[in-house]
1. Can you name the helices (runs of 4 or more DSSP H) wholly within the stretch A:467-586 that have at least 1 residues being surrounded by 12 or more Cβ atoms within 10 Å (Cβ to Cβ) and at pLDDT 90 or above?
2. Whether any residue in the stretch B:48-61 is closer than 30 Å to A:Glu232 by Cα, within 10 Å of chain A (Cβ to nearest Cβ), surrounded by 11 or more Cβ atoms within 10 Å (Cβ to Cβ) and among the hydroxyl-bearing types (Ser, Thr, Tyr) is what I want to check.
3. I need every pair where a residue in the stretch A:147-160 that is within 7 Å of chain B (Cβ to nearest Cβ) has its Cβ under 7 Å from the Cβ of a residue that is surrounded by fewer than 20 Cβ atoms within 10 Å (Cβ to Cβ), sequence separation at least 6 or different chains.
4. Please determine, by comparing only the residues of the stretch A:109-136 that are surrounded by 14 or more Cβ atoms within 10 Å (Cβ to Cβ) and among the polar types (S, T, N, Q), which one is farthest from A:Glu93 (Cα to Cα).
5. Answer yes or no: is there a residue in the stretch A:83-92 that is under 23 Å from A:Gly214 (Cβ atoms), touching a Gly at 6+ places or on another chain (Cβ under 8 Å), crowded, with 16+ Cβ neighbours inside 10 Å and among the hydrophobic types (A, V, I, L, M, F, W, C).
6. Can you spot a residue in the stretch A:5-12 that is over 60 Å from the mean Cα position of the chain (by Cα), at pLDDT 80 or above and in a helix (DSSP H, G or I)?
7. Determine which single condition A:Asp398 fails, assuming it passes every other condition in (1) closer than 18 Å to A:Val457 by Cα; (2) outside any loop (DSSP other than H, G, I, E, B).
8. Across the stretch A:17-57, which residue is nearest to the other protein chains (Cβ to nearest Cβ) among those that are of a type in the set (S, T, N, Q) and within 53 Å of the chain's Cα centre (by Cα)?
Amino acid sequence: MINLKNINRSDIVIFAMLIAATIILFRCINLQYKDTKKYSNLIEDREIKSHIIKTSRGTIVDRNNNILAESIPMNSLIVTDTTEFFQDKVAIEKLATILNVKTESIYKELKNKENKKFSYIRSARHIPIKKVKKIRNLNLSGITFIKEYKRYYPEGEVLASLIGMTDFDHNGQMCIELSFDKILKGRDGKKIVVKDKNGKIVDEIEQVITPQEGKELKLTIDTRLQYVAYRELKKQIISSKAASGSVVILDTTNGEILASASYPSFDPNNRSTYTHEGARNRVIIDALEPASTIKPFLLAAALHSKKVNLNDIYDTTPGYKRIGNKIYRDYKNYGRLTTEEVIINSSNLGSIMISEKFNKKIFYELLEHIGVGEKVNLNFPSEVEGALKHYSEWKNSDVRSLAMGYAFKVTPLQLAKAYSVIANDGLVINPKFVKSENTQIHEEKKYENEFKQVKKVIKRVIEDGTAKRAAIEGYTVGGKTGTARLYTGNQKKDKYSNKEHISLFAGITPLDKPKLAIVVIVNQPKTKVHFGGYVAAPVFKKIATDSLRILNISPDNISDHKKQVSNKIEKISNYSLKTPEVANVF
Amino acid sequence: MSNFKIYTIGFLIITNIAFSFGIVLIEHLTRSQHRQLQYFSNQKYELRNEWKKARIDQGIYASYSKIEENAKISLKMFLPKNRKLIYIDD
């Protein structure tokens, strides 16, 4: 018999502890052997995992903060268990109907992904919320939805060749999207989370890497001008059955690119419209021979040499001239021309004669000053620098070709930059398309007097010369037409097509207080008349007219209108004399 | 046992209990605030996405091409010819 009197308090505590230990042991055995499955399932269902926090790609906006590219999250369907997914064939058929694809294509796509826990269906990426709800109602097993960003381009084909697009994983693929990828992309974050069996986040434990959103990129582009430029270019290319074309509008006061249009184009919102030709930014990566549009610069160089005056006479009779094996021609026999008239009528023979009167080094230095053969450095993929040989390599035939705008190449943007130098009386301002970047101004203002004279001459090109179709009522315009024969040769032999041409026009408006430099290129028009003055100049006129109105630039050539205005005002003032007396008003 | 010791033990026990409650309370408050923070950040994310969608909509509806199309087709508007314009100097 246990004598209760002999039991002290410490025995009771030890006994209680033994009972507690036994209970714990029993519970451990119970958990380990009896409820193993139940609890291991629970653990599997709730796992601690690292979770990537996807960040949104930065927005691209124009100078007026209009959206050019924006990313928004969309739902994408993921197949997590193909075996389970394939069980409900009726639901898969319904899924195919919702996604507007054939059922076989879904089977085909998932055929070799049986062991994968994460399989995309191409047509089920970036689905609108309405479709997601319909799919959820199908109660398909083995699927889940994840959030993925989709990039939208509200301007579509109008800006495609400048903005470019991203791939499915939101990486910049071309154009600005590619060149500014680092800024736009941002950095994905990472957090430790508890997820349930379906991959849904139940709880967040900690954030390991803080996500960094992509930064906003503000461009100098004005979408209104961009649309006008693209619309007129497209209209002309379709009507003239041309192969391609481009337009660039430059703000001559600060070098900002206001519009950069290329045609053909594609819709970045619809990848099926993508073509290599459509994606080509012809303003920045297409170099071409500028033909007669370079003649104002020949004149500037000639004037700078002091060996040529505007009143010098050149006899271009009978309208052609054989030099060596080559025959140089004018459009017609212009007879005797002054230096000024050579440019106004775009005489090739006259230009050759001017080029023969001064040192070729002077012409080279001027071309170098305006940026020919030098990259604009826009940080744009595949930007080309054009082509200009050193003057020491120029043969006499090269000098003649250069005087006519051949034997070297410029991009439309370089040509616009060159015309902005005329607008700024010799001051070189480097073009840019990112708003925040500082304006790069060439410190030295060279050839000021020469370019002032050139301005007067290119004004007469519009008034009396080859570019009458570029004239804008109410505004002063200066410009030069160009018609280049298409180069079809190779490294061994130079060859120019007699049938295929490139029509060009480069102009400045308003000329008295320059604001816009516009270059229009139409490649291989199939019209009866293919001259720049007929094909490219009217496009310039339409674009410039709308652009000046949109930018609210006052007319600077309103002599006729002023008369109308003064008449009108007189009538108004006569009428307005009958205003009530002050006493009656108060 | 002296009274001083009893009071000290009593004080320590009460302090201990108070701290325990305090820790539990603070933990609870932190968790609920964290949950609230998560809720607000989710809401911020949703609102920002809504704003982005609205901006895209605005971009489409207010695009120059759309305005021109509506003006020409729906409203039958047209630009006056240049010679009909009267310019008034500022």
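1. Ranges flagged: A:532-535, A:537-550.
2. Yes, there is a match, as at least one residue in the stretch B:48-61 is closer than 30 Å to A:Glu232 by Cα, within 10 Å of chain A (Cβ to nearest Cβ), surrounded by 11 or more Cβ atoms within 10 Å (Cβ to Cβ) and among the hydroxyl-bearing types (Ser, Thr, Tyr).
3. Correct list of pairs: A:Tyr152/A:Ile72; A:Tyr152/A:Asn269; A:Tyr152/B:Ile56; A:Pro154/B:Ile56; A:Pro154/B:Ile60.
4. A:Ser119
5. No.
6. Within the stretch A:5-12, one or more residues are over 60 Å from the mean Cα position of the chain (by Cα), at pLDDT 80 or above and in a helix (DSSP H, G or I).
7. Going through (1) closer than 18 Å to A:Val457 by Cα; (2) outside any loop (DSSP other than H, G, I, E, B) one by one, A:Asp398 breaks only (1).
8. Taking the stretch A:17-57 and keeping what is of a type in the set (S, T, N, Q), we get A:22, A:30, A:32, A:36, A:40-41, A:50, A:55-56.
Filter once more, so that each one left must be within 53 Å of the chain's Cα centre (by Cα): A:50, A:55-56.
Details: A:Ser50: 17, A:Thr55: 11, A:Ser56: 8 Å.
The selected residue is A:Ser56.
The values are calculated or read from the model by the stated rules, or taken from the named source; none is laboratory data. Note that the structure is predicted; figures quoted are calculated from it, not measured. Neighbour counts are summed over all protein chains in view; Cβ atoms, including those assigned to glycine, are modelled from backbone coordinates with ideal geometry.
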